[in-house]
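Bear in mind these aren't lab numbers, they're just calculated from the coordinates by the rules spelled out. Keep in mind that this is a model prediction, so the values were computed, not measured.
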């Protein structure tokens with residue numbers, strides 16, 4: 001019993017410390033990778049407590065090594081957008097202007113029943129109300145309603161709704177998102193001209209830039225700038 005108590009307290013303390021060090025992402029922004037990481041850490045801690053034939057030092061070493069690997073992966077994800085996409089995936093548009101994108105559903109292995117359930121969870125009961133629906137890397141569905149379909153609608157007030165566009169990121173972590181730039185028809189010349197107008201000489205000085213529906217560019221520079 002004493003051995004079990006020691007293992008339990010030690011496993012509890014190490015697991016608490018490591019999960020705190022791994023950050024809040026483990027709790028809030030659960031992608032498939034972070035979800036599996038959390039389960040694996042808990043399973044390794046429980047094995048250390050219950051499997052007495054496993055030396056404590058070996059179990060502690062395994063927990064720490066696993067956490068170091070996670071730290072390394074998270075650090076790589078912060079430095080490389082390609083690594084983030086590889087590990088966490090990227091948002092996928094599954095409904096565009098009220099049209100369900102079947103190929104996108106198939107690629108994400110999402111059936112129509114799951115899609116309509118997610119829409120209902122967003123208080124949307126008809127696909128025709130949706131301007132855009134985006135499947136996030138953590139499996140959540142983000143829905144942008146059509147103008148005039150929001151609560152207390154413009155239709156109710158007999159106001160003709162204006163066309164809606166979806167803001168799109170065009171710079172992330174100092175790198176131009178070429179795919180979005182091409183899809184939006186926004187040229188490099190326009191982008192660099194707007195950056196210069198706002199006093200920014202280098203794209204690398206930008207943490208995030210988003211092209212708004214009205215054509216304006218929202219830019220956030222790095223804190224050091």
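If Rh is defined by the Kirkwood formula over all Cα pairs and Rg also comes from Cα, what ratio Rg/Rh do you get for segment 1-146? It would help to have the intermediate numbers written out before the result.
Values: Rg = 20.5 Å, Rh = 17.9 Å.
Looking at segment 1-146, the ratio lands at 1.15.
Once you have a ≥ b ≥ c as the square roots of the Cα gyration tensor eigenvalues for segment 168-221, tell me rounded if a/c is under 1.5, and otherwise prolate or oblate according to whether a/b is larger than b/c. Before the final figure, lay out each step's value.
Details: a/c = 1.45, a/b = 1.27, b/c = 1.14.
Taking the square roots of the gyration eigenvalues as a ≥ b ≥ c, segment 168-221 is rounded.
Taking the Kirkwood radius as the inverse of the mean 1/r across Cα pairs, report the Rg/Rh of segment 91-145. Before the final figure, lay out the partial values.
On the way: Rg = 9.6 Å, Rh = 10.7 Å.
So for segment 91-145, dividing Rg by the Kirkwood Rh gives 0.90.
State the Cα centre-to-centre distance between segment 52-82 and segment 1-19 in whole Å.
Comparing the Cα centres of segment 52-82 and segment 1-19, I get a distance of 17 Å.
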